[in-house]
Every structure is written in structure tokens, then in C-alpha cells.
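Asker: Okay, here's the structure, questions in a sec.
The values are calculated or read from the model by the stated rules, or taken from the named source; none is laboratory data. Keep in mind it's a predicted model, so treat the numbers as computed, not measured. Cβ sites come from the backbone with ideal geometry, for glycine too, and all protein chains shown count toward neighbours. Accessible surface is based on the protein model in full, side chains and every heavy atom, while ligands, DNA and RNA are left aside. Shrake-Rupley method; radii C 1.70, N 1.55, O 1.52, S 1.80 Å.
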Amino acid sequence: MKNYTHINDIDNINSWIEEAKAIKKNPLKDIKLGENKTLGLLFFNSSLRTRLSTQKAALNLGMNPIVMNVSGDAWGIEFGDGTLMNGSTAEHIKEAAAVVSQYCDVIAIRAFATLTDKEKDENEVVLKSFLKFASVPIVNMESATGHPLQGFTDAITISENATKKKPKVVLTWAPHIKALPHAVGNSFVQTMQKMNVEFVITNPKGYNLNPEITKNTPIYHNQEDALKNADFVYAKNWSSYEDYGKVLKTDLDWTITNKKIGDAKFMHCLPVRRNVVVADEVLDGENSLVIEQSNNRTFAAQLVLKKILKQGV
Amino acid sequence: MKNYTHINDIDNINSWIEEAKAIKKNPLKDIKLGENKTLGLLFFNSSLRTRLSTQKAALNLGMNPIVMNVSGDAWGIEFGDGTLMNGSTAEHIKEAAAVVSQYCDVIAIRAFATLTDKEKDENEVVLKSFLKFASVPIVNMESATGHPLQGFTDAITISENATKKKPKVVLTWAPHIKALPHAVGNSFVQTMQKMNVEFVITNPKGYNLNPEITKNTPIYHNQEDALKNADFVYAKNWSSYEDYGKVLKTDLDWTITNKKIGDAKFMHCLPVRRNVVVADEVLDGENSLVIEQSNNRTFAAQLVLKKILKQGV
Amino acid sequence: MKNYTHINDIDNINSWIEEAKAIKKNPLKDIKLGENKTLGLLFFNSSLRTRLSTQKAALNLGMNPIVMNVSGDAWGIEFGDGTLMNGSTAEHIKEAAAVVSQYCDVIAIRAFATLTDKEKDENEVVLKSFLKFASVPIVNMESATGHPLQGFTDAITISENATKKKPKVVLTWAPHIKALPHAVGNSFVQTMQKMNVEFVITNPKGYNLNPEITKNTPIYHNQEDALKNADFVYAKNWSSYEDYGKVLKTDLDWTITNKKIGDAKFMHCLPVRRNVVVADEVLDGENSLVIEQSNNRTFAAQLVLKKILKQGV
């Protein structure tokens, strides 16, 4: 694993989960490993959990994190090939990625989907440009089509909270007023497909995720049917994939309530809009794992950085 | 003292002042105390002194400071209870505070008064929400009604510069073109009420601070009378408390001049608008303590963080 | 050298270059030198390379960097003398510089030219105000009329890549759609005037740099003539100095191509607009030094900080 940009960069999900749990028990064990190494965190988009947990992970490894809000702190970056740059972008990714590689030993990037340019999103233009032009390892802090640090975090959280060998895990679409990316949903699907769980997806018609990602995973359009006997309910909104980036439904029929999930554990990547995505009673109840989930972000990021440092940077 | 959110969290002002002076003499003595501990600094508002001095204090204790401009770096936070979050806020304080507590050992927050919603300000909604939902100690870097790091700084500065046992200290309102919060004034009043000083306040009619804070402290509406025989003159603008958040007076009658203060030492928390709040001659003269005051911000914050670290985090 | 604000602060360019090369070979040698020292990086303008390389340099010396985007994180700063501050600025440089000096052992500042107020720019109002009112050493991270960290970087890069005793170096103006400052051009001219090189400048009529800076350096208005037999071609756009801050020419006649530079090495400070300033073929070709140049920014900054730390802060 040179870079960590996709769930498929995890060679063995079960051993990774065990390694992350070991880090959680003793987070400062490798505090010398990253000494005098710099992690550059480049944000093209807002961030709370990712920003803090990835910095914390780096600090636990003795690394120096340097944060940059690319849009606010620097200038527009050009990704096109052969462009005559007489418009609003002032630096080409070819230079930007190569230059940042001079100062940082590892580069972590957040660059959300546009939700307006499906081709650009599907091609992961920003992430792939960094992979192409940077000379140091790249970590994906949520790209157009995936959020593999979140997916791995979710795997750890399910493993910690499972009470049976093969729990039933349901990913359910939930309402939201804004058009949201598919990245978290995609990475969760890809993670569950690697784990020993009974996994189903439920979403309204018109909201199926990319079929190349969901593959053979059962998709229910009836939420009630899907949630039956669930051990874990993972709620997340996403905009339509077919009618790319559109919001087709904003009523609260699909909002998660205690009645809907019963005794199942509730998961969400956060931030979450209360009483739109999920009712207060669920988040404030005993079955909510969302805070523990956010805590595991640190250890997921720390294992990824540890593996990158171990291979030598 | 679990948290430091109010001047009343100081159990013994005199011993705290002595402890802060000891830190000032040897600021790196406790450099091991905060090793591998993280201080999260969350700014809902602009900051220069607080941003730098609190980071410096953390570094002097060996802590790792992580700075977040909440509005710019993340998204709008919801504080209402039971809200249907289909508006502009994307994350509830319940999650935000609990989540940040996973990554930071101590959280410091700056959230100014709105000056438009008196009830929200008086109830310290932002600060109290963090106190309620965070699981780690909270430090107030200026909230709606108080700025206790500044108040404690001012106590240190007066103690260092006093030439008599019970000096006369005057807090005087001064002009400003914008509506400013009452936080600095409030905390200064509360600090002086704990110290062995002759303390009076002077402000124009209509500008009395909250009487529950000023209590029995004499308030003069004649600035000249109040300033007589002053040893320390602390100038600060605030908007009207009675006519909440309004600017009633912008002429320069109350601007501080050398003639007005005579031999008294001049104090201000900064930033200060020159020749509006105070004349150049005062700030540039020998009796100004403002730079020394700003220096003491580091040691005030450092003692607070030291006490929090000592109790175990 | 108390401060590093101008190429003239380099007492001996050749020995500085050798010292920087030694740092590049062993960047962590002085990791104890800056222990518990703080470098404040104040940005009035955007930055990518300078932001990252100066932090990296500080970290290599064991310093703690603290970054502030002055405009975004704090408030407008007043530079006028005797101003009645009832406008948009909330803090005077007299206080701001003195206050930041309380928390930082060294202050680095970026404040670009206005390009509208020639007198203010020529007088280096921001930089000189910090020099006047700060009590700690100042490092120039690009001011109105100079970018001496870049100039020194360029000297290192030319020294590393020269294949003859006295190479021919050509600074050529190149097109750009926006009005850019003269700082990089000025500092490059001043650096080359100190080195053992054959140095010429070429720019269109109306684009001569300040004659007090170019002095006796030959200026060609015919780019082809100037580029003949060049060993190094340094491209940079700047707006008109005579018709201050104006863009007189935006066609692509002066764009740098492989044909124009032949076997010469290509240099640019970055960011660079591709196919406007320089053709893709040059940047993507073997003779481009721009990434190596950006790498040398770290070692230029590190030598400057090392010298400042060595003299005691």
C-alpha cells in the first residue's frame, strides 16, 4: 500500500481492524515513528471530524501536521491538461502537487464531488491528479466517490459492537434538504462487502447508488422490510446517482426513528441534521454509536499513517 | 476547578496572581506537563491576542494546540433543543461538542455576544452548551457575557504595577463607532470586586453594565469626578445594556487623554481604536501598560491550563 | 543581521549559498537550535510555497510555527500615523506588532504591493511598520517591493545547476492577464547583481523595472536578442512600473517556448499560468528547474532562521 485512497487499499479487513483496536488501546506506542515527518492536510472543503482526527492521529505518531485550506489560503488550482490558463485558476495541479511533495512527507486531501459534473466526479480528477503528480504518499480524506477513512472507521465500530458472528447491517438512505455526495455511502458499501455481515441497502426509487459499486448487494425500496431484524442501522443521505446530484424527495417518511430501528445500533458518519435524517430520540438514546464512531476516526487514520510511515517515506 | 469559564472559577485571586508571576519568571518549567495532550481552540469570532497567547501558553506546557475557525473551516452549528434541522445549520452542538471531546484533551472556545438576542447572550447558550455536551474541560476565550482570561490578566498586571496597598482603579467607558460586547467590562468588574482595590466605574447615562454584575460598585456618570486620584484607568467601550446592543453616543467627549488621567497607569485589553477610545499621547506615553497587559495573557492562560492539566485530563 | 527583509541583508552571497547547501544535505542537524521558540507567520495575502516551506524550515530547526491569516483570522490593521480610527480598521500596527512580539520569537510577514498606491508600496509601509514597532526579528515573506527569500532561493538553484564559471542568466518578462507586483523581479535582479553571472533583463517597452534597482544591468526590449546563449532563463510577469500597476500587454508574443530558450535551464518562482507565461513543453521538459527551485525555498528560509536564532532571540 503506497497510498490510501480507496477501501480496496485494505488488503485484509480483519487484520486491519485488529491493528486499529490495538492502536486504540495504546495510541502513543509509535510516537517515535513519525518524528520529524510532516503531514500536509489539504482541504478543498469544510471539515470538522476529519480535520481534527487526522491531526490527532498524526500527533499520536509524532508527526507534524500542517493544515491548508486550499481555496482560502492559496488560490484556484487548474486540473485541465494543456489549458491556456488565462482564467480564474492561478496554479496547475502539476506544479501544486509536486511542490507540496517537497515540503510534506505525506499528503492528505479532501475534495468533495461537484455533483454537477458527473464525469469529473467519476474520474476522481482531483485525487487522481495528486496521485499522478505528487511524489509522496496520498491519503484520501473524502474524494468525489469515496471516503475510505470513514469506511474503515465504520468497520472498526461494527466489529467492536457486534454481539453475533454475522450481524445484519442495513445502510438506509435518509432525508436531507441539500444535495449530498455519494462518497460515504459508496465506501460503506465497499467495506461491508468485505466483511462477514449480512448486508442490505434500502433507499427510495431513484436513489440507487452506482450499480458498479453496489453489485450484488440487495437493495430494498421498502425501508420497513429492509430494517427487519437489523443489528446495525447506518443512515446517510445522498443525492440521486441516476439523475445525478438531484434531490428528488425531501419529506420525512424515511427519517430514522426508534420505532423503525428497534434494538439495532444506530450509526452515522456525522454531521447529522437532527429530526431530518434521524430523530432526537435515536441520537440521544442508548443505541446510538455516533460518538464512538467519531472517536474511531483517529485510530483508522492512525493505522493508515502508521502503515505508510512503516513502508518508509 | 474542572473548567475555566468565569472569574468565579478563581478560588483565591491573590494566590493565582502569585502563581502566574512564578510562571512568567520560568515559563518552561512545566514543559513536560502537557506532553501528548491536545488543546483544541475553537473560534466562532476573530482573534489576535487570544489566538496567539493561548497557543503560546499551550506550547509552554508542551501541549499540541489545534486551531479551528468554526465558521470558516466547518459549518453552522445548531444550539436549539428539538430543532428540525432543515435550515442553515448542519451539525448540532450535542454532536459537535461530544465529537471534539474525542480528539482534544481540553477545549477552548471563543463565541461573542450576538448583541441582538439578549436572552441568548445572558444564557450563555454557546458556552453552556459546550459545558453540557463536551466531556473534557472547557476554557472560555471570551463568551457572550465574560472574558475571564482577560480579567485574570488584568489582575496580574495591576498587581505588578501597584505602588500602594490599595490602589484606586477606575473602569471608564470610552467611545467607539461600533456596538461592542460587555464581556471584557463584566469580567474586569468581577475581578476588581475580588481584589483589594478602591474600584469605581464611570460611564454615560444609559451605559450602565448589568446591575447584577456591578452590584455595589459605585457608578459615576461624571467621568472627571471618577478619574480623580486614580492609580489605574482601564478604558473600554461597550454598547448599552439597558437598550441592549445599541450605540447611544459616538462623540469623543469620553475619549481618554493625558489630561484626564494624569499620572495614572493606562490599561486596555486591545484592540483599541486610537484617538477614538484613547489619544495617541496616552498609548505612546510612559504610563501605558497595554503591551505588558497583552504579554500577561500568556501567563494567565498558562496557569489556567496548568491547573486543568494538574487535575488530570 | 537582525532581520531578513532585503537581499542586502545577505553579507556574502557565496558563503550563504554554501551554508544553505549544507543544510539541504543535513536538514535536521540544528533541530535543537529553535527548541521552544515560536515563529509567527502573518499572512496579509495568499500563499502556498511560502506558507509550507517556511513552516517546514521552522520545524527542521525545532521551532513551533504559528500561522495567522491576518485579514481572515483577526481584523483590519491601521498603518497611518495620528489617525482617528473611526473607519474600518480596528487595531493600529503600533499595538499589533508590539503585541505579536510578546508571543513570537521571530515574526515572518507577507504583505503584497497594492499596485494602486505607489508611494505606500515604495515606502514599504507594512514591512517598515513591523520593523519599527516589533521588538523581535522580522523575516520578509514577500513585501511590496521585494521577495528576498525567493531571491536567495534562486541564487542557490543557479549555483547548484551552473555548468560554467560565469553563466549567462536572463530575466525575461512574460505575459499574464492580471496586474502582478514587482517584488520577485526586483529581488532576482538584486541577487544576480551580487553573483558572478552575466546578467541581462528583457521586457517590452513600458515594462522596465524601477531604474534604482536595475541600475547598470542591460535591458533589452527584444526578447530574442536577450535570450541568445542563455544558460538560465528566469521568466516572470510584472505590471508596469512607470505606468504604475497597469497591464499594458496581454498577447502571447513573450510566452516562453522551447524554441526561445533552447538548451537553457528554465526557472520561475511559481505559481505559474501554463501556456500564458510559459508553454507546457518547457515546464514538462528536462530543462525546467521549477520544482527543485521550490524545494530550495525550505533551505533558504532555514538558513535565514538559523542565523536569526544563532544571534539569540
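Asker: What number, in nm² with one decimal, is the all-direction average of the projected area of the convex hull of the alpha-carbon atoms of chain C? Intermediate values should be presented prior to the final figure.
Answerer: Numbers: hull surface 62.7 nm².
So the mean shadow area of the Cα hull is 15.7 nm².
Asker: So what is the relative contact order of chain C, in percent, for Cα pairs below 8 Å that sit 6 or more residues apart? Walk me through the numbers on the way to the answer.
Answerer: Details: 616 pairs, mean separation 63.8, N = 313.
Relative contact order, chain C: 20 percent.
Asker: Can I ask one more? What is the Rg over Rh value, at two decimals, for segment A:1-147, using alpha-carbon atoms and the Kirkwood definition of Rh? Please report the intermediate quantities before stating the final value.
Answerer: Working: Rg = 16.1 Å, Rh = 16.4 Å.
Rg divided by Rh gives 0.99.
Asker: I've got another one for you. Take the Cα gyration tensor of segment B:9-83, multiply each eigenvalue by 5, square-root it, and list the three semi-axes largest first, rounded to whole angstrom.
Answerer: On the way: eigenvalues 175, 56, 29 Å².
Square roots of five times the eigenvalues give 30, 17, 12 Å.
Asker: Given B:K24/C:K24; A:K56/B:K310; B:K205/B:K259, which pairs have Cα atoms separated by over 30 Å?
Answerer: Working: B:K24/C:K24 37 Å; A:K56/B:K310 22 Å; B:K205/B:K259 23 Å.
From B:K24/C:K24; A:K56/B:K310; B:K205/B:K259, over 30 Å: B:K24/C:K24.
Asker: Now for a separate question. Relative contact order of segment C:221-268: what whole-number percent is it, with Cα pairs under 8 angstrom and at least 6 residues apart? Write out the running numbers ahead of the final one.
Answerer: Numbers: 35 pairs, mean separation 26.6, N = 48.
After rounding, I find 55 percent.
Asker: Could you state the number of Å between the C-alpha centres of segment C:235-313 and segment B:159-231?
Answerer: Rounded to whole Å, the Cα centres lie 57 Å apart.
Asker: Suppose we consider the axis relating copy A to copy B; can you name the residue of A with the nearest Cβ and state that distance in angstrom as an integer?
Answerer: A:G72, 4
Asker: Size of the dipole of chain C about the Cα centre, Lys and Arg at +1 and Asp and Glu at -1 on the beta carbon, nothing else charged, in debye to 20?
Answerer: Computed charge dipole of chain C: roughly 760 debye.
Asker: If you take the accessible area of B alone plus C alone and subtract the pair, what total do you get in square angstrom, rounded to 100, with a 1.4 Å probe?
Answerer: Heavy-atom accessible area buried at this interface is about 2700 Å².
Asker: Would you mind computing the Rg to Rh ratio of segment B:61-133 from its alpha-carbon coordinates, Kirkwood style for Rh?
Answerer: Values: Rg = 13.2 Å, Rh = 13.6 Å.
Answer for segment B:61-133: 0.97.
Asker: I need the trypsin sites (Lys or Arg not before Pro) found in segment A:93-197, filtered to DSSP loop residues with at most 14 other beta carbons within 10 Å of theirs. All intermediate terms of the calculation are to be shown ahead of the outcome.
Answerer: Details: sites: A:K94, A:R110, A:K118, A:K120, A:K128, A:K132, A:K164, A:K165, A:K168, A:K178, A:K194; in loops: A:K164, A:K165, A:K178, A:K194.
Sites meeting the loop and neighbour criteria: A:K164, A:K165, A:K178.
Asker: Same structure again: Compute a Gaussian network model of chain C, connecting alpha carbons closer than 10 Å, and tell me which residue from C:T163, C:T191, C:T145 fluctuates the most.
Answerer: Greatest mean-square fluctuation among the candidates belongs to C:T163.
Asker: What shape does segment B:112-155 have by the C-alpha gyration tensor, where a ≥ b ≥ c are the square roots of the eigenvalues, rounded means a/c under 1.5, and otherwise prolate means a/b greater than b/c and oblate the rest? Don't skip to the end; give the middle numbers.
Answerer: Working: a/c = 3.15, a/b = 1.08, b/c = 2.92.
Cα axes put segment B:112-155 in the oblate bin.
Asker: I need the inter-copy label distances for A:N86: point set 7 Å along Cα to C-beta, values in nm with one decimal, smallest first.
Answerer: A:N86 label point versus its equivalents elsewhere: 4.9, 4.9 nm.
Asker: A further question follows. Going by amide H atoms built from the backbone, whose H comes under 5 Å of the H on A:V272, apart from near neighbours?
Answerer: Residues meeting the criterion, in which the H sits 1.01 Å from N, are B:H92.
Asker: With each run of n ≥ 4 DSSP H residues scored as -39500 (n - 2.57), what mean residue ellipticity at 222 nm is computed for the protein assembly as shown after dividing by its residue count and rounding to the nearest 500 deg cm²/dmol?
Answerer: On the way: 39 runs with 348 residues, N = 939.
Result for the protein assembly as shown: -10500 deg cm²/dmol, rounded to the nearest 500.
Asker: Further, regarding this structure: Carbon and sulfur: what percent of chain A's accessible surface (1.4 Å probe)?
Answerer: Values: 5130 of 11390 Å².
With neighbouring chains kept in place, the figure for chain A is 45 percent.
Asker: Note the distances from B:K228 to each other copy's matching label point, with points 7 Å along the Cα-to-beta-carbon direction, in nm, sorted shortest first.
Answerer: Copy-to-copy label distances for B:K228: 8.9, 8.9 nm.
Asker: Taking the inverse of the average 1/r across all pairs of different Cα atoms in segment A:148-293, what Kirkwood radius in Å do you get?
Answerer: Numbers: mean 1/r = 0.0669 Å⁻¹.
By the Kirkwood definition, the hydrodynamic radius is 14.9 Å.
Asker: What's the longest piece of chain B with no exposed GluC sites (Glu not before Pro), counting a site as exposed if DSSP puts it in a loop and it has at most 16 other beta carbons within 10 Å? Walk me through the numbers before you get to the answer.
Answerer: Details: sites that count: B:E35, B:E242, B:E286.
Segment B:36-241 is the longest.
Asker: Which residue fluctuates most in the GNM of chain C (Cα springs below 10 Å): C:G80, C:G62, C:G245?
Answerer: Its mean-square fluctuation being the largest, the pick is C:G80.
Asker: If you don't mind, there's one more thing I want to ask. Ratio to report: Rg/Rh of the protein assembly as shown, with Cα atoms as the point set and Rh obtained by the Kirkwood method; give two decimals. Spell out each step's value before the answer.
Answerer: Numbers: Rg = 29.6 Å, Rh = 30.0 Å.
Radius of gyration over Kirkwood radius for the protein assembly as shown works out to 0.99.
Asker: A further question follows. Kindly report the accessible area of segment C:149-293 per residue (heavy atoms of protein chains, probe 1.4 Å, no ligands, DNA or RNA), in Å². The partial results should precede the final answer.
Answerer: Numbers: 5590 Å² over 145 residues.
I get 39 Å² per residue for segment C:149-293.
Asker: So which residue, out of B:F199, B:F152, B:F79, gets the largest mean-square fluctuation from a GNM of chain B using Cα contacts under 10 Å as springs?
Answerer: The residue with the greatest mean-square fluctuation here is B:F79.
Asker: Where does helix B:148-161 land angle-wise versus the long Cα axis of chain B, in degrees 0 to 90, nearest 10?
Answerer: Compared with the principal axis, the helix lies near 40 degrees.
Asker: Here is a further query. From the label point of A:T163, set 7 Å from Cα along Cα→Cβ, how far away are the matching label points in the other copies, in nm, ordered shortest to longest?
Answerer: Label-point distances to the other copies, shortest first: 7.5, 7.5 nm.
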